[in-house]
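Inspection log for the structure reproduced underneath, given as C-alpha cells.
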There are 2 protein chains.
Amino acid sequence: MSHSADFSCPIPIQQYPRVLMAHGGGGRLMHDLISRMFLSAFSETPAGTSHDSTVLPSPAARLAFTTDTFVVRPVFFPGGDIGSLAVHGTVNDLAMSGARPLWLSAGFILEEGLPMEALWKIVCSMRDAARSCGVRIVTGDTKVMEQRGADGLFINTAGIGAVEHSLTISPMSVRAGDVILVNGDLGRHGMAIMSVREGLDFQTKIESDSAPVAEPVLKLLKANIEIHCLRDLTRGGLAAVLNEIAEASKLRIQVDEKSIPIREDVHAACELLGLDPLHVACEGRFACFVPAKDADLALSILQADDPAARKIGEVISESPIVLLKSAIGANRILDMPSGEQMPRIC
Amino acid sequence: MSHSADFSCPIPIQQYPRVLMAHGGGGRLMHDLISRMFLSAFSETPAGTSHDSTVLPSPAARLAFTTDTFVVRPVFFPGGDIGSLAVHGTVNDLAMSGARPLWLSAGFILEEGLPMEALWKIVCSMRDAARSCGVRIVTGDTKVMEQRGADGLFINTAGIGAVEHSLTISPMSVRAGDVILVNGDLGRHGMAIMSVREGLDFQTKIESDSAPVAEPVLKLLKANIEIHCLRDLTRGGLAAVLNEIAEASKLRIQVDEKSIPIREDVHAACELLGLDPLHVACEGRFACFVPAKDADLALSILQADDPAARKIGEVISESPIVLLKSAIGANRILDMPSGEQMPRIC
C-alpha cells in the first residue's frame, strides 16, 4: 500500500515502530525525533527553534497569551484529531481576545509504546492546521512517560497573538441591552467524541465542529463592531459560558431556546445519551456580545462565514442568572453544569 | 496541628480531599478550583486571567518564547518539587536567549485522586518560585484524567521574555577560540531525583540544583560580555549539550575533566548507580560560550553568583567532536548519551 508524502514517517519505523523511553531521555534518539519529525514538519519555523527558546520580532502591539492542554480520547475522531484540536483550541482562545494569532508552542507528553506513525499523523495534522490558521509553531518540548494505558499522548499548546484593536473584550464590558450571537450550530464536537467513545451507531455520523474562528472575529473588528465580549463554547458548553458571564458582569442573560441552532442529529444523539445539548462542548463556536446597534451587521458578518449563525438572546439589567425561554414560552433557569458528564472531550 | 497560611488549602478538603473528574469538566467544580486555588495563588496576575487569553502590554523588544512540560517523579524531591521546577525550567530556557523573563502560562494535567493538599502545596511552590524570579503566571488551563497510577500530575509552562540586547545568542554564533564556562557544580538535580527514586541512603543528602539563572545571565549582558551561546544543562547533561553545539557549529570542543566542578557526594552517588556525571541533568546550571577576551570578566561575574563556576574548556577549529582530557592527561571522545539512563528527571 502506498502512502502520501505526508504519511511517510521520517523516523525509520522498521527500527522504531513505537516510541521508546529513550526518545525523551536527552540523548541521540531524542535529538533525532526532534530534528527529523518535529522540526521537519514545523519547517516554517525560524532557525532558532532548536535552541532553548525562540527569538521573535516585537509585534508592536499589545499581546494576547494563552495556554491549553489537550487530553481528548479517542485521539482520532470524526472531523479531526488531537493535533488539529490543539492548534484550533489555542488559536480560538487568542481570537477570544480579538487577537491576531501569530505563534504557538507545542509541548508533547508521549506514552512509551505510542505507534510512531500515529505520532507522525498527528504532527502532520498540527502542521496543516497551523498553516490554515496562518500561525507558526515556533518552539516545542517532548517528554516520554512509561506505558500505563492506551492513552498515547497529551499535547499542550500555548499561543501569542497581536491585539491590534483598542477595545476591552471581557465579561466586564458586557452591558444591559447587549445582544448575544453564536457563530454556528452547537454541540457537534462533544457528540462526535461521545458517539465514538460510547460505540453508538448513529444514523448520521456527527463530525466535530473543530475549526479556527480567528477570521470571523477579525472581520467583526474590521467592520468596527463594538465587541463587548467573546467566549468560545468549549467545556461546559453554552450553559457554562453564559453562567460565567452573568456572574462576572452581574447581569441577567435571557436566551430563547428555539433560536439556538442545534442540528437534528445532535439533538437525537443527546437524547440517546441523556445529555443536555446546551452543556455539550464545541471547538469552533463562540458567543459574541455586542451592543444592539451593531447586532444586525455583526450577525450578517457571522452568517457570511456560517449560515447557521444566530441571535440567541440578550442581556438584561436584573439579578445575575441565565433564563432560557423554552419553545412553549416558559422561562426556566439554565444552570451551570455540575461538570461530570463529559470528561476528556478536549 | 496548625498550618501556615500557605498550606491552608482554599478548597474545603473535608468535602473534596482529592481531585475528581468533575474538577476538569467545565462546570461548577472546575470553576471553583480555578478561581479559589489557581487565581488566588497567582494573585499578582492581571484581572484578565479568567478570560480565554490574557492581554499584556507590548514589551517593545524582540520576544523570546519557549515551552517545557514537567513529568518528574517523584513530584516532591530534595531541594524542590514539580512546581518550582516548572517555573525555573521555563525561566531558564528564556534566559538562554539572554531574555528578561516576563510572563508564564501554566497548563495542569491532574490525575483523578490527586490529594487536594498536595496540589495546593505545588501551586504555592509555583507562586513562590515565580515571585522570586520576578515573573507573573498570567494564564492557565486545567485538565483531569482518570486515575491509572500514582503519577498525580503533569505541568506545562510556556514563557515570554523580552530580548533587550542585540546579540545573536545561538550555537551558530560559536567561534574557534571561544572559552566555555559553567556557572556551578554539575549533576545535583539528577542525582537528587535518582537517590530518592532508587531508595538509596546516601551519607550526604543531595539536594537538587533547581534554581533560576536569569539574573547571572542579565549581569553578563549588562557587563557587555559578548555572549556567543548559552545552553542549560538539563536532559543529557553537559555531554549532550556540548555534542549538540559541536554539531551545530561544526567545531571541535575540548574540555578538561579536572576543571569540571562536581561535588564529591555527586561523584559517589553516580559511581554507586553506574552513571556518568557528565550525562546527568542539572536544572540551575548552564554552559556559556564567550570570546577569550571576555572570559575572565565573565567568570568573575559567574563566580560572584556561585563560587563553583569554572572555565571548563574551549572551542577549536577542527572536526566537530567533543574531546575530554582526563585527569591523567589522555584525550577521549565524550559521546552523546544514548538517552535511556535517566527518564523523567524533569
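The values are calculated or read from the model by the stated rules, or taken from the named source; none is laboratory data. The structure presented is a predicted model; accordingly, all values stated were derived computationally and were not measured. Note: ideal-geometry Cβ built from the backbone for every residue, glycine included; neighbour counts use all protein chains shown. Surface accessibility is based on the protein's heavy atoms, side chains included, excluding ligands, DNA and RNA. Shrake-Rupley method; radii C 1.70, N 1.55, O 1.52, S 1.80 Å.
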Would a scan of region B:78-88 turn up a residue that is among the acidic types (Asp, Glu) and open to solvent by 20 Å² or more (accessible area, probe 1.4 Å)? no
Need pairs with beta-carbon distance below 7 Å; first residue farther than 14 Å from A:ARG231 by Cβ and within region A:180-192, second in a strand (DSSP E or B); sequence gap 6+ or separate chains. A:ALA192/A:PHE77
Just for region A:229-239: of the residues that are outside any helix (DSSP H, G or I) and open to solvent by less than 20 Å² (accessible area, probe 1.4 Å), which one is nearest to the other protein chains (Cβ to nearest Cβ)? A:GLY236
Just one of A:LEU278, A:LEU242 is in contact with a Gly (Cβ under 6 Å, 6 or more places away or on another chain) and within 14 Å of chain B (Cβ to nearest Cβ); which is it? A:LEU278
Inside region A:28-55, can you point out the residues that are outside any helix (DSSP H, G or I), at pLDDT below 85 and surrounded by 18 or more Cβ atoms within 10 Å (Cβ to Cβ)? A:THR45, A:HIS51, A:ASP52, A:SER53
I need the full set of residues from region B:72-92 which are β-branched (Val, Ile, Thr) and either at the interface with chain A (Cβ under 7 Å from one of its Cβ atoms) or in a loop (DSSP other than H, G, I, E, B) (or both), in order please. B:VAL72, B:VAL75
Whether any residue in region B:105-119 is under 30 Å from A:VAL75 (Cα atoms) and touching a Cys at 6+ places or on another chain (Cβ under 7 Å) is what I want to check. yes
Condition first: polar (S, T, N, Q), more than 7 Å from chain A (Cβ to nearest Cβ) and surrounded by fewer than 19 Cβ atoms within 10 Å (Cβ to Cβ). Can you find one or more residues in region B:56-71 that meet it? no
Of everything in region B:93-119 that's closer than 23 Å to B:SER8 by Cα, facing another protein chain (nearest Cβ under 9 Å) and among the small types (Gly, Ala, Ser), which residue is surrounded by the most Cβ atoms within 10 Å (Cβ to Cβ)? B:GLY107
Quick one: is A:LEU186 closer than 27 Å to B:LYS143 by Cβ, surrounded by 21 or more Cβ atoms within 10 Å (Cβ to Cβ) and within 11 Å of chain B (Cβ to nearest Cβ)? no
Within the set of pairs 6 or more residues apart or between chains, which connect a residue that is open to solvent by 10 Å² or more (accessible area, probe 1.4 Å) inside region A:120-134 to a residue that is part of a helix (DSSP H, G or I) and not β-branched (Val, Ile, Thr) with Cβ atoms less than 6 Å apart? A:SER125/A:GLY83; A:SER125/A:SER84; A:ARG127/A:ALA41
What single numbered condition from (1) within 12 Å of chain A (Cβ to nearest Cβ); (2) within 20 Å of the chain's Cα centre (by Cα); (3) not in a loop (DSSP other than H, G, I, E, B) fails to hold for B:GLU215? (1)
Is it true that some residue in region B:306-326 is among the β-branched types (Val, Ile, Thr) and within 13 Å of chain A (Cβ to nearest Cβ)? no
Where residues in region A:146-168 are more than 20 Å from A:ALA60 (Cβ to Cβ), touching a strand residue (DSSP E or B) at 6+ places or on another chain (Cβ under 6 Å) and facing chain B (nearest Cβ under 9 Å), which of them is surrounded by the fewest Cβ atoms within 10 Å (Cβ to Cβ)? A:ASP151
